[in-house]
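Asker: Here it is, the structure, as structure tokens.
The values are calculated or read from the model by the stated rules, or taken from the named source; none is laboratory data. This one's a predicted model, so the numbers in the text were calculated from it and none came from an experiment. Cβ coordinates were reconstructed from backbone atoms using ideal geometry, including for glycine residues, and neighbour counts include every protein chain displayed.
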Amino acid sequence: MKTLMTDDVAKNINWRGVNNRVSIACTPLATAIFESVMKKGYHGLSHADIKRTIQRWIQKARSRIVKEVDDNNADVSAFTS
């Protein structure tokens with residue numbers, strides 16, 4: 001997923017488009033992700049499994065951004081101490 005969109009983009013979308021965010025559910029991007037996963041041969045994965053994984057990745061975008069900022073601040077602090 002991280003090769004398809006940045007966390008800054010992901011934080012503004014969700015599966016259904018609620019809370020003033022953009023829906024990804026019925027987009028060509030979602031279709032392409034499903035098709036790609038199925039084509040790769042991940043046997044045993046259902047459509048629901050893939051959907052949950054996409055949703056979870058999108059939901060964690062904000063926390064990844066915060067972690068990256070914290071990590072960058074720690075790096076800067078290490079050089080200024």
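Asker: Are any residues in region 16-58 closer than 30 Å to residue 69 by Cβ and assigned to a loop (DSSP other than H, G, I, E, B), and if so, which ones?
Answerer: 16, 17, 18, 19, 20, 21, 24, 25, 27
Asker: Which one of these is out of contact with any Asp or Glu (no Cβ under 7 Å at 6 or more places or on another chain) and modelled with pLDDT of 95 or more: 25, 78, 74?
Answerer: Residue meeting the stated conditions: 25.
Asker: A follow-up question, please. Which of (1) surrounded by 11 or more Cβ atoms within 10 Å (Cβ to Cβ); (2) in contact with a helix residue (DSSP H, G or I) (Cβ under 8 Å, 6 or more places away or on another chain) does residue 63 not meet, given it meets every other one?
Answerer: Among (1) surrounded by 11 or more Cβ atoms within 10 Å (Cβ to Cβ); (2) in contact with a helix residue (DSSP H, G or I) (Cβ under 8 Å, 6 or more places away or on another chain), residue 63 violates only (2).
Asker: Pull out all pairs, ordered by first then second residue, where Cβ-Cβ is under 9 Å, the residues are six or more apart or on different chains, the first lies in region 1-15 and is over 14 Å from residue 66 (Cα atoms) and free of Cβ contacts under 8 Å to residues at least 12 places away in the same chain, and the second is part of a loop (DSSP other than H, G, I, E, B) and of a type in the set (Lys, Arg).
Answerer: Listed pairs, sorted by first residue: 12/21.
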